[in-house]
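The values are calculated or read from the model by the stated rules, or taken from the named source; none is laboratory data. Small disclaimer: the values here were computed from a predicted structure and weren't measured. We place every Cβ from the backbone using ideal geometry, glycine too, and count neighbours over all the protein chains shown. Keep in mind that these areas ignore ligands, DNA and RNA; they rest on the heavy atoms of the full protein, side chains included. Shrake-Rupley method; radii C 1.70, N 1.55, O 1.52, S 1.80 Å.
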Amino acid sequence: MMSTVRASEAEVYKALVELSQAIAGHSDLESLCHSLAKSLHQVVDFDALGLVLQNPSNGLLQLRVVTSIAAQDRAYTEWPTALSNPLGWVWTHKQLLALNLPDEQNRWSEFTSLLIERGVVSLVLVPLMNGDRQIGILGFGSFTPLAGDDETLAFLKRVASEFAVTVDSFLTRQELMHERDCLEVLFDIAGVLVSSLSMDDLLAAISSQLQRVVDHDLALLSVLDKATGELQLQALRPIGGLDWIPQTKSVSPQGLPSGEALGTGEPVIFDADFVRFPSPLFRAGFEAGFVSGCSIPLLTRNGACGTLELGRRCGKAFTAVDVRLLVQAGRQVAIALENSIAFNELAALKDKLTTEKLYLEGEIQSDQNFGNMIGESPAFKSVLRSIQIVAPTDATVMINGETGTGKELVARSLHELSPRANQSFIKVNCAAIPANLLESELFGHERGAFTGATAQRMGRFELAHRGTLFLDEIGEMPLELQSKLLRAIQEQEFERLGGVRTIKVDVRFIAATNGDLKQMVNDGRFRSDLYYRLHVFPLVVPPLRERREDIALLARYFTQKYSRRLKRNIERIPSAAMEALLAYDWPGNIREMQNVIERSVILSPGPELHLAIPEGVSARRVPVRSVENSLSSEVVERQNILQALKEASGRISGADGAAARLGLKRTTLQSRMKKLNIGREFH
C-alpha cells in the first residue's frame, strides 16, 4: 500500500497540477472527493478515501464523505476531538498519522475495530490546513498492511495542502451562500409581517420562508397569556401531510420545551427526552413521529410574548446555524406578535367601551333608578345596616323581596359603597331575555356560533370585569344554564358560546329574586349547589306595607321629582290624600307608588296634589294608624270624588271627566259613587 511510481520532481509537480485541475469546479463535497480519489489513484495505491470535517453544531469530527474503489461501504460516524481516537490525535497535534490497525487495537480499540470489520487494515490520516486555519482530515485506507515510505507520505501531505485550499474555498462559499439565503429569508419574513394576514396565514407564510434554509415538518406559534401564565396555541402549520393537531388550544408551559425557553429566554433544542419534558402534549407530539425540535422564545423589551416551535420527523437535529437564524427571525415575529396582541387588546377594549356606553345609555333611558334610597323606618334602617356591612367585601349577596321593593337600588348601593365603585355595574334581567339567548347575553359568543352570529360579541360577564354583575330575577334562569353559571361564579372563568378559549374575569356577583328559591330547589327547578353559592349573604328588602313610616317621605320625594319633570307647581299633599296613601297596602310596592304619584301629578292642575286612587283600593285596604286630624278612608275617598266632580262640572266620563282626573275607569267611579251615596247628594 501507499507505493508511488518513482518519478522526478517535475513529474511530481505535474501530477499535483493535474490533481488541482481534477478537483476544480465541483459544486459539492461528494463529487469533489470522488474526483480526487479517481485522479490520485493513478499515483498512489489505496482502497478508500475519506473526508472528515468538524460538525459546527456539536464540535465533533464527522466523516462527511467516504469513497471506496474496491468496496462501496459507507459508515458515517462522529468522533470527539480528544486523544481517545486517531482522528482526535491528528486534529489535536495537526500531524500526519500512519497506522496498521491490528497493531493499534489495544490503544484505539473502538475505532480500529469499526474499520477492521469493514476490511480496512491500514490507515493514513493527513490534517487539512489552509495556513493556520484547520479545515479537517483527509484519510486514506487500504485492505492491505501499510507499506508506504516517507516519499509517499510527503506526497500525500502536498496533496492534502492543495486539497485543503479547495475544501476551504468550498466551505466558505457554502457559508456565504447560506448567509445570503438567510438574509433573503429575513427580509422576506419582514415583508410578510407587515401584511394584513390572519394568525394562521401569517404563520404559514413565515414557515414557508424558513423552509428554504431550515427544514421542518411542523411550525407552531404560541402566545403567552400573562394573566394566566398559559400558552394559547394560536396557529399550527403541519407540512408534508403530517396529521397531528394538539387536543387543546390552551396549555401550561410546564414540562414543555416552550416553558424552558420562556423561563431562560434562550432557544431550546430537544429530542424525545420525556424525563426533561414530562408534559403529555410533548409525548403526544413524539408519538406522532417527531424526533427533534427547537423552541424559540419570542422576546421584546416588555418580556416574552410567546414561542415559535419547529419540529422534525427526520433524525437530523437543529444546528447552531439553524438556531441563529431562527433567533433572528424570532425577534421580528416577536415585535409583530406584540403589536398584534396590543392591537387586539385595544380593539377589545374599544368594543367593551362601546358596549358599555350603549348599555349605560339604555339604562339611563329606561329610568330604572328611582332615585336615592329614602326611608326612616326600623325595617329600612336594618337594610341599610346590612348594606354597610357587606358592601366593602366581595361576598356574593342574594337580595330577596317582592316586586317593586327596590332590589336593584339595593344592588347599586352595594356596588357604589364597594371598592369596585369606579368600575362597571352590569345588570342582567334573567326573566326579560329569552332562554335561548340568555347564554349568549351572559357569556358572549364567537362569530358563527349559531345562526345570525355574524360577529364576535362580548357578554355581560366580560363587561363586568373588575366590577359588579347584578343577576335580577335569578329564579327565572333555565336549569340547563345554571351549571355554567355556577362554574363561572366559582372559578371566575368561562368560554364564549362557540369558543374554546377560557376567559378569566374578576367579578362580584349580586343576585335578586321575588320568589322562594328554597322551594324551587325542593321542587327541582333550581340547582341546590347554585342556591348555596349565591346564598352567601342573604338580604331581605321589606315590602312597603311593612315600612309605612316611609310612605310620607316617599310620597313627598316622588311628588317633587315628577313636578319638576312635568313642570307642575305642586306645593303640598292634602292630609286626606296622605291618609289614603297610608291606608293603601301597596301590592306593587314602591314601583306602584311611583306610578300613582306620577299619574296624580299629571292630573293635578293646581298647587295641591289630587290623588289618583288606585283601582280597587277598597279590596286591598289595611287598618290605618290614627293620626292627628286624620279622616277615615271612606271620608277621604268621598272628598276626593266630590272635588273631582266639581272640577269636571259634574261630568264622569270623557278626557276631562272625574274618572280621568282620579285615574279610574268610568264604571269603577260609578260603583264607588253608588257605595258612598255621592250621586244623590251631588245632584
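Specify whether the C-alpha gyration tensor of region 25-64 places it in the rounded, prolate or oblate class, a ≥ b ≥ c being the square roots of the eigenvalues: rounded for a/c under 1.5, otherwise prolate if a/b is larger than b/c and oblate if not.
It comes out oblate by the Cα gyration axes.
Starting from the Cα coordinates of region 441-595, work out the convex hull volume and express it per residue in Å³.
Dividing the Cα hull volume of region 441-595 by its residue count gives 176 Å³.
State in Å² the accessible area per residue of region 517-613; use a 1.4 Å probe, count heavy atoms of protein chains only, and round to the nearest integer.
45
For the cross-link pairs 381/484; 646/675; 407/504, which exceed 26 Å when the distance is taken from alpha carbon to alpha carbon?
381/484; 407/504
Which peptide among 529-539, 405-415, 509-519 comes first, and what is the full order, when sorted by highest mean count of other Cβ atoms within 10 Å?
405-415, 509-519, 529-539
Within 10 Å of each candidate Cβ there may be at most 11 other Cβ atoms; applying that plus a DSSP loop requirement, which GluC sites (Glu not before Pro) in region 98-178 survive?
117
Sequence-distant or interchain residues sharing an amide H contact under 5 Å with residue 456, placed H: which?
Amide H neighbours of residue 456: 447.
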